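Heads up, the thing below is written out as structure tokens.
Bear in mind that the values in this text are calculations on the coordinates, not laboratory data. Keep in mind the model is a prediction, meaning the values are calculated, not measured.
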Amino acid sequence: MYNVFRTTVLAALFFTATLGVLPVTIAAGQPEYAKWGEIAMQQTSDRYHAAIVDYLHVGRAHPAPGISEEKFKLWLRENNREFGVYVTIQFYTSTEQIIAIRFQETPR
């Protein structure tokens, strides 16, 4: 089930990236973090210009009252180089307004 979801999200992002359009809605039944996963993948693609070959939702944290963070690990391939990137999206819980998006590269 996880692999089907991941493949579907990656395929949707690939097709929307080629069209230059980010989907604005998430289908019913999608996990709560799916919206944030799309944003993480789009921002990573814009920043690194590398193929996203894998995607993992690490989890949600609440670092302060009224603030949430969604964290993802993406695996990228650029030419012969493969590397991971942790993407953390911090936002106001009530409005879902993004405060910051942080990227941290990792060799694994």
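Some points to look at:
- Centre separation in Å (Cα based) which lies between segment 29-59 and segment 74-102: 7
- Between Gln42 and Leu56, the contour length at 0.36 nm per residue exceeds the Cα-Cα span by 3.6 nm.
- Along segment 72-86 the Karplus relation, 6.51 cos²θ - 1.76 cosθ + 1.60 evaluated at θ = phi - 60°, assigns HN-Hα couplings of 10, 10, 10, 10, 10, 10, 9, 6, 9, 9, 10, 7, x, 9, 7 Hz to successive residues, with x for each Gly and Pro.
- Nonlocal amide H pairs with Thr93, under 5 Å, H built at 1.01 Å: Ile67, Ser68
- Full extension of the chain between Glu82 and Glu105 gives 7.2 nm of extra length, using 0.36 nm per residue less the Cα-Cα distance.
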